[in-house]
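Read through the structure below, which is laid out as structure tokens, and then see the notes.
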Amino acid sequence: MTNCETIVDPKLAEASVLYLPADFPAPAKVVELEKRCKVHVQHLPLPITGPGQVDPNKLTPPGLLYLENSYVVPGGRFNEMYGWDSYFIIRGLLENGRIDLARGMVENFFFEIEHYGTVLNANRTYYLTRSQPPFLTSMILAVYEAQKRAGREDRSWLEKAYRYAEKDYQLWNREPHLAGSTGLSRYYDFGEGPAPESLKDESGVHRKVAGYFLFHPDAAHGYIVTDPSPGDSALGFHFSAQVCDKDNSSSAKPQCEPARDISLSRDYYKGDRSMRESGFDISFRFGPYGAATHHYAPVCLNSLLYKTEKDLQHMSELLDRKDNAQKWAERAQQRKDRIEKYLWDSQRSLFVDYNVDSNARSSYEYIATLYPLWAGLATGDQAQAVVRNLSVFERPGGLAMSNRESGGQWDLPYGWAPTQLIAIEGLRRYGFNEDANRISYKFLSTIAENFRREGTIREKYNVVTRTTESQVEAGYQQNVIGFGWTNAAFLVLLHALPQDFSGRLAREQATAATAQ
């Protein structure tokens, strides 16, 4: 909060504001920032205990939400502290010995829970309606164990962390975050209408979505509204659709039906926002353009919640709370049984998402199938079966997100550092070290080669061509430079490689640099 650039938001055109919690007096560093940087400081209109209690559209202009401690941002257009990005960034910081900075970031999440109602997607006002994938207990234990290794075990900090982690867990285990009658959880954003952060850098995406559903009515599922009410902001953008005869001659004027006014529905925007809570924006994994995200019990989310339950069990044991430990063990077992029932496809030997409307498992094969290995909930036989299907995702540069090229950045041909790390650590957890080493080397060498050529670390990589080339059709077009979780995952994966692999990587890069 001492850097003037902290407040800047590359995703929006207007000047930003720094918002403080409603009942939180302005700290001295904020008063100083306000004067030196000419930043406008406001208080939120009311205390917040959960997402969706404040309508971000009424906070004008949108702005940054104050946090007490320093934090690392992903980079580029992402100039704020993100929910799931921060887990991977913290792993990198701890690998680099930056324990205090990592701990401060975790304590910022405690501050978010206390004053903004949840671990936020990120600390901007337009994110007050949603969270992100729940990695909080993973962050807490990573920092706690790092402090312990450094001779600074802090039991009182773990006790405080436990209270916040339990509160964060509750968000995902009550309505509206419950996935039908499955007993599992889903992603759900409390907001309505278009996501504000999409308006500048994803220009035209909603028009493309409307066009897609017009031409694919079987997939529309009520996502198109004809003759929408002009004043209904929850329906977002309005479009004009017209059907004309196709006439190849230059002289004749084509015959056309009268134009119809259309818009995308509330349910589409709810799905789009919920997809952004999942972090996988945009993929066709939860239906075209992620429009049905909130109608699924996802593998990734429920694997993370299983791990949260096991982590809370472990924290309870460390704090000598035997009754609590037993409670968390029982909840973890219940979730594991439900994942087995709804998300394990024994015929395809993959963990898949479950559509609670159609009561059917998804046919979309996605890298999230490896989350149960990372979380430790897969049986040995299930893990072995999933590994036999690695060829579905494995490409020259690592693991692709899916085997479908949808035009979304979270599908083929792209590979992303966080899911590479989760997949590789999941393989190692079950003893598939040969596969882990091979895939890790592919991804690390892709990053290293492109860094040598371009001098940059990117948000994502094309794992088919082993380049940074990006032709995203759905979502923002940039391949952002920075980049927090790529830096972190590179460091963690490199240190986990056997010496013969890491030595080979170093030799190949040195040879290539000399030849250049």
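Taking residues in the range 376-399 that are at positive phi, and partners anywhere that are assigned to a strand (DSSP E or B), the pairs with Cβ atoms closer than 7 Å and at least 6 places apart or on different chains are Gly398/Gly415.
Please verify whether the range 82-94 includes one or more residues that are touching a residue at least 24 places away in the same chain (Cβ under 8 Å), part of a loop (DSSP other than H, G, I, E, B), crowded, with 22+ Cβ neighbours inside 10 Å and not hydrophobic (A, V, I, L, M, F, W, C). Break it down stepwise before answering.
We begin by selecting, within the range 82-94, every residue touching a residue at least 24 places away in the same chain (Cβ under 8 Å); these are 82-94.
Next cut, part of a loop (DSSP other than H, G, I, E, B) only: 83-84.
Cutting the leftovers down to crowded, with 22+ Cβ neighbours inside 10 Å gives us 83-84.
Subsequent filtering for residues that are not hydrophobic (A, V, I, L, M, F, W, C) retains 83.
There is at least one residue in the range 82-94 that is touching a residue at least 24 places away in the same chain (Cβ under 8 Å), part of a loop (DSSP other than H, G, I, E, B), crowded, with 22+ Cβ neighbours inside 10 Å and not hydrophobic (A, V, I, L, M, F, W, C).
Would you check which residues across the range 40-81 are closer than 12 Å to Glu112 by Cα and part of a strand (DSSP E or B) and list them? Passing the criteria: only Leu65.
Selection of first residues in the range 345-367 that are within 26 Å of Gly222 (Cβ to Cβ) and of second residues that are among the small types (Gly, Ala, Ser) and in a strand (DSSP E or B), restricted to Cβ pairs under 8 Å at least 6 apart or on distinct chains, gives the following pairs, ordered by first then second residue: Asp353/Ala297; Tyr354/Ala297; Tyr354/Ala360; Val356/Ala297; Tyr364/Ser402; Tyr366/Ser402. Taken over the range 222-281, the criterion of being in a strand (DSSP E or B) and out of contact with any Lys or Arg (no Cβ under 9 Å at 6 or more places or on another chain) is satisfied by Ile224, His238, Cys244, Cys256, Arg260, Asp261, Ile262, Ser263, Leu264. Ile339 meets all of the listed conditions (1) free of Cβ contacts under 8 Å to residues at least 60 places away in the same chain; (2) of a type in the set (A, V, I, L, M); (3) buried (at least 20 other Cβ atoms within 10 Å of the Cβ) but one, namely (1).
Find the residue count for the range 198-230, including only residues that are at pLDDT below 85 and exposed (fewer than 12 other Cβ atoms within 10 Å of the Cβ). Total satisfying the criteria: 3. Given the criteria without any contact (Cβ under 8 Å) to a residue 12 or more places away in the chain, more than 24 Å from Phe284 (Cβ to Cβ) and either part of a helix (DSSP H, G or I) or among the aromatic types (Phe, Trp, Tyr) (or both), does Gln170 qualify? So Gln170 fits the description; yes.
What number goes with the only condition from (1) exposed (fewer than 14 other Cβ atoms within 10 Å of the Cβ); (2) without any contact (Cβ under 8 Å) to a residue 60 or more places away in the chain that Ser233 does not pass? Ser233 satisfies every listed condition except (2).
The values are calculated or read from the model by the stated rules, or taken from the named source; none is laboratory data. Because the structure is a prediction, the values reported are computed rather than measured. All Cβ positions, glycine included, derive from the backbone under ideal geometry; neighbour counts span all protein chains shown.
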